[in-house]
Amino acid sequence: MQRLPFFRCFHALSIFLCFILPCTLHAGAAPDAGTIERTLPKLPKTLPQEFEKPSTDEKEVIDVGPKILIKDFDFIGNEVITTEALSMLVAPYKNKNLSMTDLENIRLLIGDYYRQQGFWASVIYGDQDFADNILVVDIFEAKVGSILHESDDEPRFPRERIIAFIERNQDKGQPIKIKELDYSIQDLNSVAGIFSSITLKPGTEVGESDIVVQTTNTPYFSGSFSVDNHGSRSTGYERAFLMLDVNSPFELGEKFNFMYLATTEINYWGAGISYPLFNDSTIISYNYTTLDYDLGAPYGSLNGYGDSKTHSGAITRNLWRQGSFQLSGTGSYAYRTYYNFASGSETSDKNIKAWILTLDAAFQDSFASGGINIASLATIIGRLDLSGNPSDYSADSTTAKTNGSFEKLSASYIRIQRITDKDSLWLTLTGQYAFDNNLDSAEKMSLGGATGVRAYPTSEANGDHGLMIQVEVRHAFNPFVTAKVFYDWGQIYQYANTWTNWNSSSGTPNKYQLKGAGMGILYQVFETVSVDAMIATKIGNNRGEDSSSKDNDGTDWGTRGWVSITKTF
């Protein structure tokens with residue numbers, strides 16, 4: 001492929017950051033389409049934002065004014081919360097001399113308790129005679145009136161569906177369920193093309209409140225453009241990556257997404273569409289990607305090239321929510337083809353059909369100073385077909401025996417622990433386990449690269465089983481500059497099942513570890529432009545290196561650097 005003009009400048013920067021050292025010509029097996037595609041960027045997962053409930057603008061005030069003895073409370077109008085529960089709530093105020101400020105704080109306490117239970121209520125004190133020193137508390141539980149929609153512009157999503165998102169969890173004349181209202185707004189905000197919020201207004205009937213959904217249209221186009229040196233030596237370190245979303249152009253809540261990645265030796269692009277299927281969080285999607293590559297140094301003499309194509313369909317929905325905990329599930333099917341050519345002949349022509357079931361969870365907690373948790377668990381059941389190339393099929397049958405059905409489990413966990421207002425601890429765990437059969441290169445896990453053990457090159461240490469732990473401490477000097485220090489550790493099993501003389505030529509152990517440490521800086525240059533730069537140094541040895549003590553890309557750098565520049569729009 002012809003070197004893109006843009007990369008000439010970026011190449012110099014990446015060379016400097018990587019502390020270039022002399023290179024050898026060959027190290028390990030050449031990467032194929034499966035390995036290359038697996039290490040390319042994936043679409044980021046986004047988590048729904050918690051809906052901000054309407055503010056009461058009520059604050060607890062200082063205790064002042066005259067006092068009166070209150071022995072007990074008489075609650076009127078409460079239906080969804082029992083009198084016993086309310087009596088226990090205000091028990092600390094019984095048989096005490098209370099000021100007007102105390103009475104106001106009791107009113108706020110009851111209102112907050114209702115909201116904690118998922119309801120909305122107004123608390124007032126009517127005319128009082130204080131007979132037997134009992135305070136009468138009138139509670140007006142907000143009941144659903146009408147559900148209305150307001151928008152300055154014609155919304156890019158049908159009005160009837162906007163209202164239906166709210167109606168599905170609210171019954172007219174029944175108490176307003178605040179938690180369900182929260183979840184409905186979260187679901188509505190997952191629809192492309194609009195942003196929604198709600199307000200409550202007095203209804204036409206006594207005790208009823210109208211729920212007003214207010215929407216604004218979001219931009220038609222959104223996305224990001226980034227340049228980095230996160231690629232590999234054989235297909236080009238410097239990468240340019242564009243992601244573009246077209247949000248609800250047909251005003252149905254659909255989203256079209258496009259992506260394109262280019263290096264000196266790779267063209268990778270994809271397109272997809274998603275659509276909100278029901279009036280909840282259910283979204284169906286289809287995506288197509290295609291990759292074309294040529295192999296450069298240290299494998300240039302092979303004249304290798306190839307391609308891969310992927311068709312995938314998925315359905316995603318929220319499964320369970322409680323407080324800050326959210327659990328979503330995705331079921332998907334993918335059909336992928338891989339073609340590879342080297343040394344004047346076809347080396348493989350294969351395809352993979354796979355079913356994937358994924359669970360994603362996120363929640364906050366108050367442990368120590370509080371933290372955020374993000375977890376994902378995926379099980380993949382698939383079938384690899386190598387029959388497109390008889391030579392590849394025959395060689396596999398006497399070695400790794402990857403052809404046929406396979407199953408694997410992959411998982412990840414991220415913990416963002418607050419230490420102080422400016423300091424945080426980031427813990428990332430990533431793992432994979434293959435059941436029974438060995439995996440094709442497209443299904444393996446890699447340890448090296450800018451998102452792995454950062455002291456090693458992209459796609460270093462590929463294997464069927466693997467575990468990686470990354471520990472990172474960040475310090476924010478100001479809202480724009482954050483420094484970080486990190487330690488990375490990974491362990492890989494190259495094959496789930498080895499065979500006789502499987503490593504007779506290399507002597508590489510099936511199980512080995514990689515370790516490294518480094519530092520970096522995150523710089524928010526402008527509101528929409530950020531820079532992430534890191535340097536990392538190896539700790540210990542790479543038992544997967546070749547006989548010349550080189551990594552899989554033919555280099556033996558003890559320290560390497562990574563940089564990415566991202567512009568969002």
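Miscellaneous remarks
- Considering the stretch 277-568 at the alpha-carbon level, its Rg and Dmax are found to be 21.2, 61 Å.
- Separation of the alpha carbons by more than 27 angstrom is noted for no pair of LYS408/LYS511; LYS177/LYS201; LYS309/LYS444; LYS444/LYS538; LYS511/LYS550.
- Proxy reagent accessibility, fewest Cβ within 10 Å first, across SER504, SER328, SER87: SER504, SER87, SER328
- The stretch 277-568, dipole about Cα centre (Lys/Arg Cβ +1, Asp/Glu Cβ -1), debye to the nearest 20: 680 debye
- A simple charge model with +1 on the Cβ of Lys and Arg, -1 on the Cβ of Asp and Glu and nothing else charged puts the dipole of the stretch 415-513 at about 380 debye relative to its Cα centre.
- For the stretch 73-226, the calculated P(r), taken from all Cα-Cα distances in 5 Å bins from zero up to the bin holding the longest distance, is 2, 8, 16, 17, 14, 11, 10, 8, 6, 4, 3, 1, 0, 0, 0 percent.
- Note on VAL481/TYR305: beta-carbon distance plugged into 1/(1 + (r/R0)^6) with R0 of 51 Å gives a FRET efficiency of 0.75.
- The charge dipole of the chain, taken about its Cα centre with unit charges on the Cβ atoms of Lys, Arg (+1), Asp and Glu (-1) only, comes to about 1840 debye.
- Between the stretch 275-316 and the stretch 522-539, the alpha-carbon centres lie 27 Å apart.
- Excluding same-chain neighbours fewer than eight residues apart, the aspartates and glutamates reachable from LYS67 by a Cα-Cα span under 18 Å are ASP102, GLU104, ASP127, ASP129, ASP132.
- Dipole of the chain, positive direction: furthest Cα of LEU108, TRP269, GLY388, with charges on the beta-carbon: GLY388
- In terms of surrounding Cβ atoms within a 10 Å radius of their Cβ, PHE256, PHE241, PHE569 rank from fewest to most as PHE569, PHE256, PHE241.
- Relative frequency of Cα-Cα separations exceeding 16 Å in the stretch 67-141, percent: 43 percent
- Here the ratio of the Cα radius of gyration of the chain to 2.2 N^0.38 Å is 1.21.
- Cross-link reach list, lysines versus LYS567, counting only Cα pairs under 27 Å and skipping chain neighbours closer than eight places: LYS42, LYS45, LYS255, LYS422, LYS484
- Here GLU346, GLU150 are placed in order of increasing Cβ neighbour count within 10 Å, fewest first, which gives GLU150, GLU346.
All of the numbers you see were taken from the coordinates with simple rules; none came from a lab. Please read all numbers here as calculations on a predicted model, not as lab measurements. Cβ coordinates were reconstructed from backbone atoms using ideal geometry, including for glycine residues, and neighbour counts include every protein chain displayed.
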